[in-house]
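Structure first, then comments.
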Amino acid sequence: MEAHHLIPMEFQDDFEHSIDVPENIISLCPTCHRLFHHASDCEKKEIIEKFFDKRSAALSFERGVMIKKDTLLRYYKV
């Protein structure tokens, strides 16, 4: 398994609260991890949306990290 920040750490300055928190770290198999970095836009969009839907509530309620799906997709250039 490989750890991956759903909201990339390079965008920390866009947030008032830390994004280096467990709710923003997902555990991926190597194949899925490669999708986040090297997949086609269509494949990348699908996996990003899947994990966004699973984690966005915890990020906002537990950590005060608010992000819209389209913002996250823009971070990944999708």
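Derivation of every value follows stated rules applied to the coordinates shown; laboratory data play no part. If you're wondering where the values come from, they're calculated on a predicted model, not measured in any experiment. Reconstructed Cβ throughout: ideal geometry from the backbone, glycine too, with neighbour counts over all protein chains shown.
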**Message:** Any residue at all in the range 61-68 that's more than 15 Å from His5 (Cα to Cα) and in a helix (DSSP H, G or I)?
**Reply:** yes
**Prompt:** Which residues, taken from the range 27-57, are surrounded by 15 or more Cβ atoms within 10 Å (Cβ to Cβ) and assigned to a helix (DSSP H, G or I)?
**Reply:** Cys32, His33, Leu35, Phe36, Lys44, Lys45, Ile47, Ile48, Phe51, Phe52, Arg55, Ser56
**The lone exception for Glu10 - which of (1) surrounded by fewer than 13 Cβ atoms within 10 Å (Cβ to Cβ); (2) out of contact with any Phe, Trp or Tyr (no Cβ under 9 Å at 6 or more places or on another chain); (3) closer than 20 Å to Val78 by Cα it fails** = (2)
**Asked** For Glu62, are the conditions met, namely being in contact with an Asp or Glu (Cβ under 6 Å, 6 or more places away or on another chain), surrounded by fewer than 17 Cβ atoms within 10 Å (Cβ to Cβ) and farther than 19 Å from Asp13 by Cβ?
**Response** yes
**Request:** Return the only residue of Asp13, Asp20 being free of Cβ contacts under 8 Å to residues at least 24 places away in the same chain, out of contact with any Leu (no Cβ under 6 Å at 6 or more places or on another chain) and not in a helix (DSSP H, G or I).
**Result:** Asp20
